[in-house]
Each structure stands twice: as structure tokens, then as C-alpha cells.
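Accompanying notes for the structure given below.
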Amino acid sequence: MKKDLLSLSDLTPKEIATLLRRAAFHKKQRKRIGPKAGMSILRGKSLGMIFEKASTRTRVSFELAMYELGGHAVCLDGSSSQLNRGETYADTARVLGRYVHGIMIRTYLQKNLEELAKASEVPVINGLSDLHHPCQVLTDLFTVQSHQKDLAKLKIAYVGDGNNMANSWIEAAHLLKFSLFIATPKGYEAPAEIVKRFGATVRFSHDPTEAVRGADVVNTDTWFSMGQKVEDEKRQAFKPFQVNRVLMGLAKKDAIFLHCLPAHRGEEVTDGVLDGPQSVVWEQAENRLHVQKAILEMLLRKS
């Protein structure tokens, strides 16, 4: 039976622990032996990648992950596939499933992803949707653990928009039982259905200082997701939520700063924080590769 990764809830805590452990293994092997250390793992396997939204880290990390595990990736962007001309996601899934062993899609709407997965006979991976970003938050968890931080003992703060990143962090806290504090401006909270289903143990606030004070990890994301209209009203509402040296100074002295990138410097984060000593965003970006390997290994090896 195929297994999809549409949101973190498709994984058990044990499976998440296995993924993070395998990501650490792949990172160590790549450093010790080289990029081709795992070339036999997915030899003969192929991944179809659909990009309706532009990408740097997701595309490069998945494509290289397949190559370094001995497989092959085929990339379709929004303008080069028949989806752009009206073919349904279900029909696309039925066709691709006859060619490839798995499908990764980066799309605007969660319903598109779900339609694709329902019709697909091969595993489907959510590379990003409007509602969830599971691959990124798995990477963030791996990055936190790489700094020898025990999730169970941490206060993790997320400051900014109640978007797909916030939603996946809420799911992660629900599954792994760590302390999560989310601060968003009024009117920009995480969706009510996500909060109702997964947010029982999460603390929510409209005060960024309350969220960041004493935090071990400070996390933010862009205020305007790709495809969203840039509005001055929203920018003004988010100004107090900028992660700058003053706000970061409220966290613990050894706190780390995360951002899934790309960053809008001078908006959600200042140069002083993004390039500062507490920032681990470049390591975080690199870790996408190691985590994608673990995800692909788990989902495609048996497909």
C-alpha cells in the first residue's frame, strides 16, 4: 500500500524520528564519503516533480537527492505540463503513475494536492501548498536537533503569518509534544480548523515579545507568500512582528534563528539577525537535501 506525505499528520511520531535519524545518517555519509554515498538506495527509481510555484531549495534538494540516491528526477513546471492547459490533477496522476515511482508537487492549493494523491497509484509528496509545508518543518526539526537541542525541553517560537509554515509547526507540536508559542497579528491567525484539530497544547498570542521571551528557537517566514498581493495595510500590521536584534534579544542567549527562505530582508527579518551569530538559516537550507533523501527513501523504496 502506497504512503503519501501531504501533511505531517501522515506520519507517526516514530516515523518522524526515523526520518530525522536517517537524515542525520545521510548528512554524515555525504560529508564522510561524498555525494554518491547512497547511490544504491533508489537505483532505478524515478520521481516526477510538478512545480506550479517557482522554487530554488525544493527543486534543487529533491533533484539532487534523487541523483545522489541513484535515482532520477523529471521536472515539470507550470507552463510545460498539460495542467497549464486544463488537464485535471487526477488525470495527470494516472498518467505519471505509469512512468514514475513517486510524485512531488509544489502547488497553490491543498485541494489540488489531494486530488492528485487520491488518483495516484504512487506516493505523493507535498513540496508546498497553501495549507501545509511538511518537508520544510521536518527540515527545521532536524536542524534544531542538529544543534543538540532536545525538542521535549525547548520553547519554540513562531512569529509572523498564520500560514502553511505555522500550520505545519502546529501539527509537529501536536505529534511530538514540544512547547510551541505562536504570535500573529490580529486577523492573520492560523486557520480555525488547524487550531481546533491540532492546537490544544500550543500557545497563541498577538504579542511577539511574549512568544520570543525565553525561547530556545525563534522562527519566522515571509509576510507575503508567493502569489499573494502585497498590501500596505498588511505590512503595517506586521511591522511589530519583525525579528530584529531587539526582539531576538528576548530569547535565550544560545537561541537559534530559523527562516525557511527566501527572506524579504528588512521586512520579517533584519540583516543583523539573518546574518548574525544566532542564525542557522544556511545550514537549515542545506539540510533540505538530507531530509529529502530520508523522505524519498521512506516513500519510494517499496514503491
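Rule-based calculations on the coordinates, nothing more; no lab input. Small disclaimer: the values here were computed from a predicted structure and weren't measured. No Cβ is skipped: glycine too gets one built from the backbone with ideal geometry, and neighbour counts run over all protein chains shown.
Its Cα centre serving as origin, region 179-247 has a Cβ charge dipole (Lys and Arg +1, Asp and Glu -1) of approximately 40 debye.
Each Lys or Arg adds one and each Asp or Glu subtracts one; over the other residues with Cβ under 15 Å from the Cβ of Tyr67, this totals +4.
Evaluating 6.51 cos²θ - 1.76 cosθ + 1.60 at θ = phi - 60° for every residue in region 144-157, the Karplus couplings come out as 4, 5, 5, 9, 6, 9, 7, 3, 5, 9, 9, 10, 9, 10 Hz, glycine and proline recorded as x. Which listed residue (Val243, Leu138, Gly127) has the Cα farthest towards the positive end of the charge dipole for the chain, taking +1 on Lys and Arg C-beta and -1 on Asp and Glu C-beta about the Cα centre? The one lying farthest along the dipole's positive direction is Leu138.
What does the C-alpha gyration tensor say about the overall shape of region 148-279? Classify as rounded when a/c is under 1.5, otherwise prolate if a/b is larger than b/c, or oblate. Because a/c hits 1.5 or more and a/b fails to exceed b/c, region 148-279 counts as oblate. Placing unit charges on the Cβ atoms only, positive for Lys and Arg and negative for Asp and Glu, gives the chain a dipole magnitude near 1220 debye about its Cα centre.
Note on the chain: dipole from Cβ charges, positive end direction compared against Ala285, Gly86, Gly38; the farthest Cα belongs to Gly38. When you filter the trypsin sites (Lys or Arg not before Pro) in region 85-135 for DSSP loop state and at most 10 other Cβ atoms inside 10 Å of their Cβ, you are left with Arg98.
Bridging of Lys111 to aspartates and glutamates at a Cα separation below 14 Å is possible for Glu52, Asp130, once same-chain residues fewer than 8 apart are set aside. With Cα atoms defining each centre, region 35-92 and region 144-195 are spaced 28 Å apart in the structure.
Extension gain, Val74 to Arg98: 0.36 nm times the residue separation minus the Cα-Cα distance gives 7.3 nm. Can you match Rg/Rh (Cα atoms, Kirkwood Rh) to one of these, [x] 0.96; [y] 1.10; [z] 1.03, based on a calculation from the structure here? Derived directly from the coordinates: [x].
Since only Ser9, Leu19, Ala190 are under comparison, the one whose Cα sits farthest along the positive direction of the charge dipole of the chain, derived from C-beta charges on Lys, Arg, Asp and Glu, is Leu19.
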